[in-house]
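Undergrad: There's a structure below that I have some questions on.
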Amino acid sequence: QEITSMPALELARRIKDKEISVTEVVKAQLDIIYKKEPAYNSYITVTEKEALSQAKEVQKRIDEGELNHSPLAGVTVAIKDNICTKGIRTTCASKILADYIPAYDATVIEKLKDAGLILIGKTNMDEFAMGDSTRTSYFGETKNPWNIKHTPGGSSGGSAAAVAAEEAHVSLGSDTGGSIRQPASYCGLVGLKPTYGTVSRYGLVAFASSLDQIGPIGRNVPDCAALYEVISGYDPKDSTSVNSAFSHSQALLDDVRGMKIGVPRPFLEADMDEDIRRRFHEALKTFENMGAFVELFDFEEVKYCVQVYQVISCAEAFSNLSRYDGVKYGLRAGGYDNLEELYKKTRSEGFGYEVKRRIMLGAFVLSRGNYDAYYIKAGKIRRLISEAYRKAFERYDIIMSPVTLRTAPPLSEKKSSSPGKFSSLTLNSSVNLAGLPAASIPCGRDKKGMPFGLQLVGKWFGEKDIIRAAYAFERTMPYERPEGELM
Ligand code: GLN
């Protein structure tokens, strides 16, 4: 098997056994990237120089035995471009940050470097992570490696495309309302949105701070779990950080006997692609055959989660994005006569349509007269949704649903920026509102061959249950590579 298509954990083992050098890995990876990037556009920045020098350093640490306990030393990782990397531009796929070079590393980046992973590039995304297609990027859209006429999803579309196209072994994305799980689903990968607080947000450019989480994407469950182990842990630099010990090797038990699985009735009754519905039912059967119990339960509260998500995420985005004023960070427009004009021109020129739309929505729901009716009310419904989850988790270990209602749409499809009342966002965003962990794992493919995922939601800090169930299911359905035009 080629270096770039090898599972990350296996490659790391071979590097440790001196079968392959880290420099060989990086060179092979760069070759693939340069071959495929013209077609996919997964990356905004490829960090060739840094990766090659990091390779030497990591090889030395491996040779000295310093990384014996690091499961992923020497493998390549792609980073969503809203995670700050010292000395490497971090654009958020926005014109306003197109030349922004952070003076510090995000905590997750420090952890990756400590663990000996090689940062191979910064990936494309929807501008400021607002979107579900990677099409709002200032740097052009990304293509789905399963079929380049389709979107890879978003907002972490570049991180998913890079891993699916074997342009990186694993990657980091961020998930505010599904942005790790949905692209993982569209690209046939495993993605994990961790429990709020278990992965530091220090150095993640904020979109909606009470919902944002960084998480891993990989081609299989063990790789994804190992990457989660590397990036999680308490960080004094993030005030919402919590301590939670996770060990991927302890979670990888392929046994779900006695596990209780709940399925929210509204998710099952939703209008979805027939292939997705059929495979979802088959997946539930598979779990039953493996010894788990499956039960439907009522979850009416979840019907309001898209509206609640929109009010809260836009309100938080409105205040988070007020820092881009042409003074402190990034772009400064020319031709202004006073301070107010500077703000106005910079923000008008620097932000794209979707970002402006959300800032305006946020301003609206926070304005006097609307604040109680929208923002405060959304907070109350958010509470009810969390409470409903808490109750459900008294009975179940895992809550399951499809990740999306459809497979990746063609890039030519006109996109509407306001999702419908019941959309894929309904399946994903309630998890962020409650701060729960959830994974997307491959579940099947539709008639056109496009992949789709199964969503496993766990209790707060229940990543271990998720990984256990995901691993058991994965063994019944081994990883499939894309067979796109370039493969
Ligand atoms: N698609 C959702 C949105 O557009 C979620 C985005 C995200 O999770 N960053 O807001």
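The values are calculated or read from the model by the stated rules, or taken from the named source; none is laboratory data. Bear in mind the structure is a predicted one, so any value in this text is a computation, not a measurement. FYI the Cβ positions are ideal-geometry reconstructions off the backbone, even for glycines, and counts take in every protein chain you see.
Undergrad: I'd like to check something: does segment 129-144 contain any residue that is among the charged types (D, E, K, R) and closer than 22 Å to Gln29 by Cβ? Working first, answer last.
TA: So in segment 129-144, the residues among the charged types (D, E, K, R) come out as 132, 135, 141, 143.
From the residues that got through so far, the ones that are closer than 22 Å to Gln29 by Cβ too are 143.
Checking segment 129-144: at least one residue is among the charged types (D, E, K, R) and closer than 22 Å to Gln29 by Cβ.
Undergrad: Name the one entry in Tyr396, Tyr375, Tyr389 that is touching a strand residue (DSSP E or B) at 6+ places or on another chain (Cβ under 7 Å), aromatic (Phe, Trp, Tyr) and modelled with pLDDT of 95 or more.
TA: Values: Tyr375 fails: touching a strand residue (DSSP E or B) at 6+ places or on another chain (Cβ under 7 Å); Tyr389 fails: touching a strand residue (DSSP E or B) at 6+ places or on another chain (Cβ under 7 Å).
The conditions single out Tyr396.
Undergrad: Give Ser244, Ser200, Ser210 a once-over and let me know the one that is touching a residue at least 24 places away in the same chain (Cβ under 8 Å) and buried (at least 23 other Cβ atoms within 10 Å of the Cβ). Give the steps one after another, and end with the answer.
TA: Numbers: Ser244 fails: buried (at least 23 other Cβ atoms within 10 Å of the Cβ); Ser210 fails: buried (at least 23 other Cβ atoms within 10 Å of the Cβ).
After applying the criteria, what remains is Ser200.
Undergrad: Could I ask something else about it? Which residue pairs have Cβ atoms under 9 Å apart, sit 6 or more places apart or on different chains, and have a first residue in segment 308-319 that is touching a residue at least 24 places away in the same chain (Cβ under 8 Å) and a second that is within 12 Å of the ligand (Cβ to nearest atom) and acidic (Asp, Glu)?
TA: Final answer for the pair search is Glu316/Asp212.
Undergrad: Can you confirm whether Gly188 is away from the ligand (no atom under 16 Å from the Cβ), touching a Pro at 6+ places or on another chain (Cβ under 8 Å) and not in a helix (DSSP H, G or I)? Before the answer, list the steps.
TA: Details: away from the ligand (no atom under 16 Å from the Cβ): yes; touching a Pro at 6+ places or on another chain (Cβ under 8 Å): yes; not in a helix (DSSP H, G or I): yes.
For Gly188, the condition - away from the ligand (no atom under 16 Å from the Cβ), touching a Pro at 6+ places or on another chain (Cβ under 8 Å) and not in a helix (DSSP H, G or I) - is met.
Undergrad: Quickly run through segment 180-197 and pick out the residues that are crowded, with 24+ Cβ neighbours inside 10 Å, under 19 Å from Glu463 (Cβ atoms) and small (Gly, Ala, Ser).
TA: Result: Ala184, Ser185, Gly191.
Undergrad: Residues of segment 254-275 being assigned to a loop (DSSP other than H, G, I, E, B) and more than 24 Å from Ala408 (Cβ to Cβ), which ones?
TA: Asp254, Asp255, Val256, Arg257, Gly258, Met259
Undergrad: Would you check if Gly177 is of a type outside the set (Ser, Thr, Tyr), in a loop (DSSP other than H, G, I, E, B), within 11 Å of the ligand (Cβ to nearest atom) and surrounded by 24 or more Cβ atoms within 10 Å (Cβ to Cβ)? Reasoning before the result, please.
TA: On the way: of a type outside the set (Ser, Thr, Tyr): yes; in a loop (DSSP other than H, G, I, E, B): yes; within 11 Å of the ligand (Cβ to nearest atom): yes; surrounded by 24 or more Cβ atoms within 10 Å (Cβ to Cβ): yes.
Judged against the criteria, Gly177 is a match.
Undergrad: State yes or no: is Phe287 touching a strand residue (DSSP E or B) at 6+ places or on another chain (Cβ under 8 Å), modelled with pLDDT under 95 and either surrounded by 14 or more Cβ atoms within 10 Å (Cβ to Cβ) or β-branched (Val, Ile, Thr) (or both)? Outline the logic, then answer.
TA: On the way: touching a strand residue (DSSP E or B) at 6+ places or on another chain (Cβ under 8 Å): yes; modelled with pLDDT under 95: no; either surrounded by 14 or more Cβ atoms within 10 Å (Cβ to Cβ) or β-branched (Val, Ile, Thr) (or both): yes.
Answer is no for this residue.
Undergrad: If Lys391 satisfies every condition in (1) buried (at least 17 other Cβ atoms within 10 Å of the Cβ); (2) out of contact with any Pro (no Cβ under 6 Å at 6 or more places or on another chain) but one, which is the exception?
TA: Failed condition: (1).
Undergrad: Looking at the structure I just gave you, is Ala251 at pLDDT below 95 and of a type in the set (Gly, Ala, Ser)? Give the derivation first.
TA: Details: at pLDDT below 95: yes; of a type in the set (Gly, Ala, Ser): yes.
Yes.
Undergrad: Follow-up. Return the residue satisfying two criteria in turn: it lies in segment 424-468 and is surrounded by fewer than 23 Cβ atoms within 10 Å (Cβ to Cβ) and among the basic types (Lys, Arg), and of such residues it is nearest to Lys391 (Cα to Cα).
TA: Looking at the filtered set, the residue picked out is Lys459.
Undergrad: Hey, another quick one. For segment 216-237: of the residues being crowded, with 17+ Cβ neighbours inside 10 Å and out of contact with any helix residue (DSSP H, G or I) (no Cβ under 7 Å at 6 or more places or on another chain), which is farthest from His169 (Cα to Cα)? If you could, list the steps in order and put the result at the bottom.
TA: Step one: list which residues in segment 216-237 are crowded, with 17+ Cβ neighbours inside 10 Å, which gives 216-233, 235.
Next, from what is left, pick out any that are out of contact with any helix residue (DSSP H, G or I) (no Cβ under 7 Å at 6 or more places or on another chain): 224, 227, 232-233.
Working: Cys224: 10, Leu227: 11, Ser232: 19, Gly233: 22 Å.
Restricting to residues being crowded, with 17+ Cβ neighbours inside 10 Å and out of contact with any helix residue (DSSP H, G or I) (no Cβ under 7 Å at 6 or more places or on another chain), the top hit is Gly233.
Undergrad: When the residues of segment 134-174 are narrowed to those that are touching an Asp or Glu at 6+ places or on another chain (Cβ under 8 Å) and part of a helix (DSSP H, G or I), which ends up farthest from the ligand (Cβ to nearest atom)?
TA: The residue in question is Ala161.
Undergrad: While we're here: Here is a list of conditions, (1) touching a residue at least 40 places away in the same chain (Cβ under 8 Å); (2) of a type outside the set (Asp, Glu); (3) farther than 25 Å from Ala51 by Cα, and Gly140 meets all of them except one; can you say which number that is?
TA: Condition not satisfied by Gly140: (3).
Undergrad: Now for a different question. Looking only at segment 113-128, count how many residues are in contact with a strand residue (DSSP E or B) (Cβ under 6 Å, 6 or more places away or on another chain), within 16 Å of the ligand (Cβ to nearest atom) and assigned to a loop (DSSP other than H, G, I, E, B).
TA: Selection size over segment 113-128: 2.
Undergrad: Of all the helices (runs of 4 or more DSSP H) wholly in segment 1-112, which have at least 2 residues that are closer than 30 Å to Asn320 by Cα and of a type in the set (A, V, I, L, M, F, W, C)?
TA: On the way: elements: 8-16, 22-40, 48-63.
Filter on segment 1-112 gives an empty set.
This table checks each residue for (1) outside any helix (DSSP H, G or I); (2) away from the ligand (no atom under 16 Å from the Cβ); (3) within 27 Å of the chain's Cα centre (by Cα).
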site	(1), (2), (3)
Lys303	no, yes, yes
Ala315	no, no, yes
Leu321	no, no, yes
Gly330	yes, yes, yes
Ala333	yes, yes, no
Tyr343	no, yes, no
Arg368	yes, yes, no
Tyr374	no, yes, no
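Undergrad: Still on this structure, please answer the following. Just to check your reading of the model, which residue among Gly87, Gly131 is at pLDDT 95 or above, within 16 Å of the ligand (Cβ to nearest atom) and not acidic (Asp, Glu)? Lay out the reasoning, then the answer.
TA: Working: Gly87 fails: within 16 Å of the ligand (Cβ to nearest atom).
Being at pLDDT 95 or above, within 16 Å of the ligand (Cβ to nearest atom) and not acidic (Asp, Glu) holds for just one of Gly87, Gly131, which is Gly131.
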